[in-house]
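The values are calculated or read from the model by the stated rules, or taken from the named source; none is laboratory data. Note that the structure is a prediction, hence the values are computed from the model and not measured. Methodologically, a virtual Cβ is constructed for each residue, glycine included, from the backbone with ideal geometry; neighbour enumeration extends over all protein chains shown. Note: areas computed on protein heavy atoms with side chains; ligands, DNA, RNA excluded. Shrake-Rupley method; radii C 1.70, N 1.55, O 1.52, S 1.80 Å.
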Amino acid sequence: MKSLFAIWTAPSEAVGSPGSWSYFGNDFVTGLRRNDSTDKAFALLDAAPDQFDGVVALARLNLTRHEQMFHFVALVYFSIPVTVILGAAELMPDNLIAAFKANQFAFWYMLSILTVVAVVYLVGLWRARQLVSVLELWRIARGREPR
């Protein structure tokens with residue numbers, strides 16, 4: 001089931017799936033239900049409903065780990081460097097400007113790498129949440145009690 005919610009398919013699904021057109025309204029569920037990945041996940045769950053609780057437990061564990069990693073990346077990749085840069089700008093602004101001018105390419109390269117890594121973690125978090133949402137939608141549609 002995890003392949004239905006892979007990170008590399010997220011960009012195309014974000015703009016080209018039926019559910020993507022409901023991201024801006026107040027009814028996310030209808031669009032989510034129209035996605036091919038949701039239909040395929042429903043078929044897998046219908047074929048093995050006895051495995052639902054285990055799949056939900058794994059999906060929630062995965063979501064928790066994604067949330068932890070995204071928070072870590074946001075802290076380490078952005079908060080700490082911004083704090084250091086702002087501190088350096090306060091203590092020695094001329095040196096910071098000189099260092100930036102002398103190393104502009106390296107600065108922009110590092111910033112680009114850090115941004116791409118953070119975006120990848122963000123997309124992973126989005127997909128993990130989407131999987132949990134689909135599982136919850138299946139549970140509701142099949143009349144199963146929450147656990």
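Of the helices (runs of 4 or more DSSP H) lying entirely inside region 35-144, those containing at least 2 residues that are in contact (Cβ under 8 Å) with a residue 40 or more places away in the chain are 36-47, 52-74, 104-141.
Set side by side, the residues 58, 63, 91, 4 differ, and just one is within 30 Å of residue 142 (Cβ to Cβ), open to solvent by 60 Å² or more (accessible area, probe 1.4 Å), modelled with pLDDT of 90 or more and not acidic (Asp, Glu), which is 58.
One residue stands out in region 23-34 among those that are touching a residue at least 24 places away in the same chain (Cβ under 8 Å) and over 17 Å from the mean Cα position of the chain (by Cα): the one that is surrounded by the most Cβ atoms within 10 Å (Cβ to Cβ), namely 33. Residues that are open to solvent by less than 60 Å² (accessible area, probe 1.4 Å) and not hydrophobic (A, V, I, L, M, F, W, C) within region 116-135 comprise 124, 127, 130, 133, listed in sequence order.
Summed over region 36-53, the residues that are open to solvent by less than 40 Å² (accessible area, probe 1.4 Å) and more than 16 Å from residue 140 (Cβ to Cβ) give a count of 2.
The single residue among 105, 72 that is open to solvent by 90 Å² or more (accessible area, probe 1.4 Å), more than 27 Å from the chain's Cα centre (by Cα) and over 30 Å from residue 47 (Cβ atoms) turns out to be 105.
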